[in-house]
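The values are calculated or read from the model by the stated rules, or taken from the named source; none is laboratory data. It should be emphasised that the depicted structure is a prediction, and the values quoted were computed from it without experimental measurement. Neighbour counts are summed over all protein chains in view; Cβ atoms, including those assigned to glycine, are modelled from backbone coordinates with ideal geometry. In case anyone asks, the SASA skips ligands and DNA or RNA and just uses the protein heavy atoms, side chains included. Shrake-Rupley method; radii C 1.70, N 1.55, O 1.52, S 1.80 Å.
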Amino acid sequence: MSATPPQGNPGDIVNVPMLKITYRTDSDAIAKLLPPGLTPGADPKVFLTFYSFPVMNEPEFGLVMTAAADYQGMAGEYALGYAIDQESAVYVSREHWGQPKYLADIRYFRMMDHVEASVRHAGHTFAEFSGDVSGEGPSGETFEVNEWWVKVARSVTMMPNSYDFPPHVVRVRAKYRTAYRQDLAGSLVLRDSATDPLAERLPLREQVEAYLWTPEHLEREINFAGELDGEGFWPFASTIGGTRFPIAA
């Protein structure tokens, strides 16, 4: 289905498409990152989204890292990290919803039909993409996505397996319509990083697709989906910075 490219005021910050990249990894690699109660999805995919989107009425550049995971029989994506460049949105997001945001430097732009993106944190560039528009993708599709966050607070007593607020899965249910899509021919490169161990813990086995995506946001709900076993979650409570990568995988 052919679609009309988004129109709007030149330079408007609400009119930047997302760069969506999907790659396939190992199912057991995803399983090691999931606390008990969540299980790897049927297809072991990792989803990366570079974006520039207004948060608090100014552009926020970011990279979202999620992996296919199911909870209570529902397919979805487990959020491992939101590397972003806007400090004002980091701590409130984690405290309010359990959204795993942390500060990083994001480089993302399009020049004519060429697209570049990379993310740098703690002195290391751990993910980058370079590609070119190869054609128009399908538009008009309407679909829903579940994203899983975890909201938790360990006890101030420092007693093992003790919480002031026990771990709860937060379900972010979003419904979109693809307003416009352009497919990309390009390559994702992941590099080793102790603070952002995407390459090590979710190794790239096959790049599935890359495209520029302009969505129409139809619905979004954020609610608790259920409580996790506190004792089983305890090893997953200590994470690398603001991510959901456990310190010990």
Checklist line | Of Ile106, Ile13, Ile30, the one that fluctuates the most in a GNM where the chain has Cα springs shorter than 10 Å | finding: Ile13
Check: Using the heavy atoms of the protein chains alone and a 1.4 angstrom probe, what is the accessible area of the chain per residue in square angstrom?
Finding: 48
Next item on the list: Grab the DSSP H runs of the chain that are 4 residues or longer, score each as -39,500 (n - 2.57), total them, divide by all residues and round the 222 nm result to the nearest 500 deg cm²/dmol.
Entry: -2500 deg cm²/dmol
Margin query: Just to confirm a number: summing +1 for Lys and Arg and -1 for Asp and Glu over residues other than Gly140 whose beta-carbon lies under 13 angstrom from that of Gly140, what do you get?
Written below: -1
Next item on the list: Work out how far the C-alpha atoms of the chain reach from end to end along every principal axis, then list the three figures in whole Å, largest first.
Entry: 56, 36, 36
Margin query: Straight-line reach from Lys45: which aspartates and glutamates fall under 13 Å, measuring Cα to Cα and dropping same-chain residues less than 8 apart?
Written below: Asp26, Asp28, Asp70, Glu77, Glu206, Glu209
Check: Counting alpha carbon pairs within less than 8 Å and at least 6 residues apart, what relative contact order, in whole percent, applies to the chain?
Finding: 21
Checklist line | Charge context of Leu218, other residues only, Cβ under 15 angstrom, K/R +1, D/E -1 | finding: -1
Check: Just Asp85, Asp132, Asp43 to compare: in a GNM of the chain, with alpha carbon springs under 10 Å, which one fluctuates most?
Finding: Asp43
Check: What is the distance in Å between the Cα centres of the range 54-79 and the range 1-30?
Finding: 13
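In the chain, what percent of the accessible surface is made up of carbon and sulfur (1.4 Å probe, ligands and nucleic acids excluded)?
51
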Check: For the chain, modelled as a GNM with alpha-carbon contacts under 10 angstrom, which of Thr25, Thr49, Thr239 fluctuates the most?
Finding: Thr239
Notebook entry, point to check: Suppose every K and R has +1 on its Cβ and every D and E has -1 on its Cβ; what is the size of the dipole of the chain about the Cα centre, in Debye to the nearest 20?
Noted result: 260
